[in-house]
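Student: Here it is, the structure, as C-alpha cells.
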Amino acid sequence: VIVCVSANPSIDKLFEVDRLVAGAIHRPVGFVQRAGGKGLNVARAAASLGADVCAVAMLRGHAGAWIRDALAAEGVPGSFVWTSGETRASLSVADRAEERLTEFYENGEQVPADAWPGFARAVVEQLHAASWLTISGSMPPGSPDDGYAQLVDAARRAGTPVALDAAGAHLERALHAGPDVVKVNRHEAADLLGEEMATEERALAGARELRARAGADGHTGIVTLGAEGVVVVGPDGLELRGHLYERGRYPVGSGDAFLAGLTVGTERSAGLEEALRLALGSAAANAELPGAGRLDPDRAKSLAGSARVVRV
Ligand SMILES: Nc1ncnc2c1ncn2[C@@H]1O[C@H](COP(=O)(O)OP(=O)(O)OP(=O)(O)O)[C@@H](O)[C@H]1O
Ligand SMILES: [Mg+2]
C-alpha cells in the first residue's frame, strides 16, 4: 500500500471565463470541483496506475465531508482524521481568451493544538502495511514546524521507505530526518539552497546537495525541471537525467503524478531507471488531461516507453 499524507487537502474549484477582468462580474462558462491538495493528487495518480493506496487526510467540517465523499466516488481509499473548522478551498480561474490561469490558494484556518498529534498517529497506524509513505504539500496552520520531520522519523523507524515533496522550513526540517527520496521542483530547490537552478548542471548539483542533506548514501535527490524533465542522484550516487519529448497543456499536478509513478515503479521492483521512466510517463500523462493527478494509465505506460533516461 502506498500511504499518501494529505495534511492540508482542499476543494479545488476551476472556473472558466471568456475573459478575466479585475473588478468585473463574471458568469463562468465552465465549472469543475475536485478533491485536491498534493497528497490527494499523488493518491489519485497512484490509484490510477493500479496501486493500492491509502490517503491519510485531515478533514474538517462540511467541506471535509465533501472531500471524503468525492474520494469514495473516485475509488480512492482513505483514512480520515477529523478536526474542527472547515477544510479550505482553492480557486483557479481559466481565462479562455488569454489561455491563462489565475489562482487563489487559501491557507486554511488554524487547526487546534491536538490536531497534528492525532493526524501523526493515524499515519503511523498505516505504516505496518505500507510499501511507501509519501509526504507532499503544506501543513495546516497550527501544525508544528517539525511535523513532517516526525513522520519521516516514524517511517524510518518502521522501515518504510519515505518520499518527501515539501517546501520551505518544513522541507528543511524534514530533510534532516533522512527521507529515502526527496523530490522538489527547481523553485523549491532554489529557495532551500539559496541559488537559482538556472541550468541543468546547477540543478544536478542541487539534487546532489539535497541527497547529501538527507544523509547521502542510500538516499535519492530529485529536482524536477517542468517540461524540461528531471535530474536525479540515486542511492548509490548514480547521476541521471530524464526527459520526454511530449508536452501537455495541463501540467498542474505533474509533480504529484511524477511521485506517484516513481513509487509505483519501485513498488513493482523496477530499478531506479525504469521507475524514473514510469514517473516521467505519469507526469506527462497528467499534463495531457485537465485536473491535477488525473491520468490515463495506458497513456502513462506508453509515454514511459518513450522516456529517455541517461547517465550523466
Ligand atoms: N508540460 C508538461 N508536459 C509534459 N510533462 C511535464 C510538463 N510539465 C512538467 N512535466 C513533467 O512533470 C515533472 C514535474 O514537473 P514540475 O517540475 O513542473 O513539478 P511541480 O512544480 O512539482 O508540479 P506540481 O507541484 O504542479 O505537481 C517534470 O519533471 C516533467 O517530467
Ligand atoms: Mg510540486
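Student: Calculated FRET efficiency, residue 236 and residue 145, Cβ-Cβ r, R0 30 Å, to nearest 0.05? Let's see the in-between values first.
Tutor: Values: r = 32 Å, r/R0 = 1.07.
According to the calculation, E is roughly 0.40.
Student: Ok, one more. Using the basic label-point model (7 angstrom from Cα toward the beta carbon), what is the residue 196 to residue 97 distance in nanometres?
Tutor: For residue 196 paired with residue 97, the spin-label model returns 3.2 nm.
Student: Follow-up. Highest first, please rank the peptides 289-295, 239-245, 21-27, 208-214 by the mean number of other Cβ atoms sitting within 10 Å of their residues. Walk me through the numbers on the way to the answer.
Tutor: Numbers: 289-295: 22.1, 239-245: 18.3, 21-27: 7.6, 208-214: 20.1.
Going by the mean number of other Cβ atoms within 10 Å, highest first, we get 289-295, 208-214, 239-245, 21-27.
Student: Continuing with this model, one more query. Within a Cβ distance under 13 Å of residue 185, other residues only, what is the Lys/Arg minus Asp/Glu net charge? Don't skip to the answer; put the middle values down first.
Tutor: Values: positive: 38, 183, 186; negative: 165, 188, 191, 196, 228, 256.
Around residue 185, the surrounding residues sum to -3.
Student: Provide the net charge surrounding residue 262, with neighbours chosen by a C-beta distance below 14 Å and charges set as Lys +1, Arg +1, Asp -1, Glu -1. Write out the running numbers ahead of the final one.
Tutor: Values: positive: 183, 268, 277; negative: 165, 180, 256, 267, 273, 274.
Taking every other residue near residue 262 into account, the sum is -3.
Student: Please report, in debye to the nearest 20, how large the charge dipole of the chain is about its Cα centre when each Lys and Arg carries +1 at its beta carbon and each Asp and Glu carries -1 there. Don't skip to the end; give the middle numbers.
Tutor: Working: 31 positive and 40 negative charges, 88 e Å.
Using Cβ point charges on Lys, Arg, Asp and Glu, the chain gives about 420 debye.
Student: Separate question: Positive end of the dipole of the chain, charges at C-beta (+1 Lys, Arg; -1 Asp, Glu), about the Cα centre: which of 184, 220, 54 has its Cα farthest in that direction?
Tutor: Of 184, 220, 54, it is 54.
Student: Of the peptides 223-234, 156-167, 115-126, how do they stack up when ordered by the mean number of other Cβ atoms within 10 Å, highest first? It would help to have the intermediate numbers written out before the result.
Tutor: On the way: 223-234: 22.7, 156-167: 19.8, 115-126: 18.2.
Result, highest mean first: 223-234, 156-167, 115-126.
Student: Need the C-alpha centroid separation for the range 1-60 versus the range 87-134, integer Å.
Tutor: 9
Student: So between residue 86 and residue 247, what do we pick up on full extension, going 0.36 nm a residue minus the alpha carbon distance? Kindly include the intermediate steps, with their values, before the conclusion.
Tutor: On the way: separation 161, 0.36 × 161 = 57.96 nm, distance 3.67 nm.
Between residue 86 and residue 247, full extension yields an extra 54.3 nm.
Student: Next up: Provide the gained length on full extension for the span residue 114 to residue 131, in nm with one decimal, where the gain is 0.36 nm per separating residue minus the Cα-Cα distance.
Tutor: Stretched fully, the residue 114-residue 131 segment lengthens by 3.3 nm.
Student: Further question on the same structure: With every protein chain left in place and a probe of 1.4 Å, what is the accessible surface of residue 31, to the nearest 10 Å²?
Tutor: Near enough 110 Å² of accessible area.
Student: Taking N as the number of residues in the chain, what is its alpha-carbon radius of gyration divided by 2.2 N^0.38 Å? List each step's numbers first, then the result.
Tutor: Numbers: Rg = 18.5 Å, N = 312, 2.2 N^0.38 = 19.5 Å.
It is 0.95.
Student: Ok, one more. Measure off, as a whole percent, the carbon and sulfur share of the 1.4 Å-probe accessible area of the chain, all protein chains present.
Tutor: 49
Student: By the scheme Lys and Arg +1, Asp and Glu -1, what is the net charge of all other residues having a beta-carbon under 10 Å from that of residue 289? Provide the component values of the computation, followed by the final result.
Tutor: Working: positive: 249, 294, 299; negative: 288, 296.
Surrounding charge for residue 289 is +1.
Student: Ranked from highest to lowest mean number of other Cβ atoms within 10 Å per residue, what is the order of the peptides 102-108, 168-174, 282-288? Intermediate results must be reported in sequence, preceding the final value.
Tutor: Numbers: 102-108: 13.9, 168-174: 18.3, 282-288: 28.4.
So the order, starting with the most tightly packed, is 282-288, 168-174, 102-108.
Student: Could I ask something else about it? Cross-link partners among aspartates and glutamates for residue 38, C-alpha distance below 12 Å, same-chain residues fewer than 8 apart left out?
Tutor: Excluding near neighbours in sequence, the set is 12, 165, 256.
Student: How high is the FRET efficiency from residue 172 to residue 216, r the C-beta distance, R0 22 Å, rounded to 0.05? If you can, show how the numbers build up before the last one.
Tutor: On the way: r = 17 Å, r/R0 = 0.77.
Here the calculated transfer efficiency is 0.85.
Student: Working with all protein chains in place, sort 136, 302, 131 by solvent-accessible area computed with a 1.4 Å probe, largest first. It would help to have the intermediate numbers written out before the result.
Tutor: Numbers: 136 5, 302 65, 131 35 Å².
The ranking, largest first, comes out as 302, 131, 136.
Student: Now a separate question. Stretch residue 24-residue 158 to full length: gain in nm at 0.36 nm per residue minus the Cα-Cα span? Kindly include the intermediate steps, with their values, before the conclusion.
Tutor: Details: separation 134, 0.36 × 134 = 48.24 nm, distance 5.42 nm.
Difference between extended and current length: 42.8 nm.
Student: Mind checking the per residue accessible area of the range 202-312 for me, 1.4 Å probe, whole number of Å²? Don't skip to the answer; put the middle values down first.
Tutor: Values: 4410 Å² over 111 residues.
Normalised by residue count, the accessible surface of the range 202-312 is 40 Å².
Student: Mind listing the long-range amide H neighbours of residue 82? Cut-off is under 5 Å, sequence gap 5 or more, other chains count too, H placed in the peptide plane at 1.01 Å from N.
Tutor: Here the answer is 59, since their amide H atoms fall under 5 Å of that of residue 82.
The values are calculated or read from the model by the stated rules, or taken from the named source; none is laboratory data. Since the model is a prediction, treat every value here as computed from it, not as a measurement. As a convention, Cβ positions derive from the backbone with ideal geometry for all residues, glycine included, and neighbour counts pool all protein chains shown. Note: accessible area is taken over every heavy atom of the protein model, side chains too, but ligands, DNA and RNA are not part of it. Shrake-Rupley method; radii C 1.70, N 1.55, O 1.52, S 1.80 Å.
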